[in-house]
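Below is one structure, written out as structure tokens, with a few remarks after it.
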Amino acid sequence: MKRASIKDIARIAEVSVATVSYVLNKKEGSRISEATKKKILEVAKNINYTPNKIAKSLKMSKSKLIGLIVADISNDFYSNIARSIEDEAMKLGYTLLIGSSDENPEKFRKLTELFSEQQVDGMIIAPVVDSDEAIKRLISEEYPIVTIDRYLKNVSLPGVMINNSEISEFICDHLVKKGFDEIIYVGYDTQLPHLLDRQDGFDKKIAASGVSVKRLLIGIHNITEQVHTQLKENLNLKKKTAIYFSSNKLGIAGLRYLNDNNIKVPKDVSVIAFDETEAYHLFPTEVSFVQQPLIDMAKESVKLLDSQINNYLPDGKRVTFHAKFMERNSV
């Protein structure tokens with residue numbers, strides 16, 4: 001007969017693996033209700049759970065594992081920052097476990113539970129839409145967590161981000177001063193606060209400029225197809241036009257459309273995109289882009305998490321770094 005595990009208890013009791021671990025190991029300070037504790041202990045008794053003494057002995061000390069959940073590992077931004085986080089973690093003696101949620105809240109939740117089961121000491125996460133409940137559950141268990149790149153408005157956590165609104169204001173102002181007849185903002189149809197900050201910064205500056213503007217909002221699936229369709233319908237080459245792509249994936253999709261349709265940059269249209277990516281180098285013109293300080297962000301996220309692991313404090317301190325505009329030949 002298969003030996004009963006903590007995962008079995010969590011499934012039957014309908015709680016997370018981390019919650020079961022806290023209750024069975026009688027950890028102090030967690031905010032788990034008495035009813036939940038009672039339910040877990042009853043399930044453990046009913047399925048004849050007996051703890052693995054070797055695993056328990058290991059659990060009494062730190063595992064020196066940390067988990068990283070990125071939104072999309074295929075995105076150059078996340079793959080590059082994951083490498084930097086791994087380097088910084090190793091300097092402090094941690095081994096990094098990496099998972100990609102693919103912008104899916106259910107996959108995000110399962111990754112948090114998997115990492116809990118693997119006894120990671122803490123997690124660095126890029127939240128996705130509708131991931132609030134999974135994160136709040138970890139907070140209720142006083143699990144060390146740090147956000148990177150993103151944040152959630154209704155969840156207070158330490159984290160690392162950039163000045164999204166301010167850098168978009170700067171980009172918009174830069175384009176306005178260039179005297180374009182029309183500026184096209186290509187962003188996401190999303191509720192993620194950091195992307196809304198990016199759009200709000202652009203909107204704030206363009207509203208006061210008097211320049212004609214179009215806002216193209218793209219869903220997170222079938223990005224290339226959507227960008228191509230929207231540009232085909234909205235790009236007017238008779239006007240002096242600039243396009244601001246608010247992410248590298250949007251930028252790559254847009255540049256591909258321009259290239260496929262023999263639209264020259266910057267002769268026919270000017271372009272600025274967010275984040276550096278190797279794909280930009282495949283295009284004939286060097287692309288102007290917004291550069292995020294990935295190494296600094298990685299260092300700070302690991303520093304914050306290590307601090308939480310060694311001295312858990314339920315605060316929402318966020319560290320904001322300043323992105324830079326790297327002007328090339330596309331404007």
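The values are calculated or read from the model by the stated rules, or taken from the named source; none is laboratory data. Since we're looking at a predicted model, the values are computed, not measured. Methodologically, a virtual Cβ is constructed for each residue, glycine included, from the backbone with ideal geometry; neighbour enumeration extends over all protein chains shown. In case anyone asks, the SASA skips ligands and DNA or RNA and just uses the protein heavy atoms, side chains included. Shrake-Rupley method; radii C 1.70, N 1.55, O 1.52, S 1.80 Å.
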Which residue pairs have Cβ atoms under 6 Å apart, sit 6 or more places apart or on different chains, and have a first residue in the stretch 63-82 that is open to solvent by 40 Å² or more (accessible area, probe 1.4 Å) and a second that is assigned to a loop (DSSP other than H, G, I, E, B) and of a type in the set (Phe, Trp, Tyr)?
Lys64/Tyr94
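Specify which of the listed residues (Lys110, Lys178, Lys91, Lys136) is of a type in the set (Lys, Arg), open to solvent by 10 Å² or more (accessible area, probe 1.4 Å) and under 30 Å from Lys205 (Cα atoms).
On the way: Lys110 fails: under 30 Å from Lys205 (Cα atoms); Lys91 fails: under 30 Å from Lys205 (Cα atoms); Lys136 fails: under 30 Å from Lys205 (Cα atoms).
Step by step, each of Lys110, Lys178, Lys91, Lys136 is checked, and only Lys178 is of a type in the set (Lys, Arg), open to solvent by 10 Å² or more (accessible area, probe 1.4 Å) and under 30 Å from Lys205 (Cα atoms).
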In the stretch 146-158, what residues are of a type in the set (Val, Ile, Thr) and modelled with pLDDT under 95?
Val155
Taking Asp102 as the residue in question, decide whether it is open to solvent by 10 Å² or more (accessible area, probe 1.4 Å), in contact (Cβ under 8 Å) with a residue 24 or more places away in the chain and more than 23 Å from Leu313 (Cα to Cα).
yes
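Being in contact with a Leu (Cβ under 7 Å, 6 or more places away or on another chain) and aliphatic (A, V, I, L, M) is the filter here, so list the residues in the stretch 288-318 that pass it.
Going through the stretch 288-318, the residues in contact with a Leu (Cβ under 7 Å, 6 or more places away or on another chain) turn out to be 302, 306, 316.
Result: Val302, single match.
Filter the stretch 285-302 down to the residues that are touching a helix residue (DSSP H, G or I) at 6+ places or on another chain (Cβ under 8 Å) and open to solvent by 20 Å² or more (accessible area, probe 1.4 Å), then identify the one that is farthest from Gly159 (Cα to Cα).
Taking the stretch 285-302 first, the residues touching a helix residue (DSSP H, G or I) at 6+ places or on another chain (Cβ under 8 Å) are 286-287, 289-290, 292, 294-295, 297-299, 301-302.
Next, only the ones that are open to solvent by 20 Å² or more (accessible area, probe 1.4 Å) stay: 286, 294-295, 299.
Details: Glu286: 33, Leu294: 14, Ile295: 15, Lys299: 12 Å.
Filtering the stretch 285-302 for residues that are touching a helix residue (DSSP H, G or I) at 6+ places or on another chain (Cβ under 8 Å) and open to solvent by 20 Å² or more (accessible area, probe 1.4 Å), the one farthest from Gly159 (Cα to Cα) comes out as Glu286.
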Out of (1) of a type in the set (Gly, Ala, Ser); (2) under 25 Å from Leu157 (Cβ atoms); (3) open to solvent by 10 Å² or more (accessible area, probe 1.4 Å), what's the single condition that is false for Ala279?
(2)
What strands (runs of 3 or more DSSP E) completely inside the stretch 222-331 contain at least 1 residues that are within 30 Å of Val120 (Cα to Cα), touching a strand residue (DSSP E or B) at 6+ places or on another chain (Cβ under 8 Å) and in contact (Cβ under 8 Å) with a residue 60 or more places away in the chain?
318-321
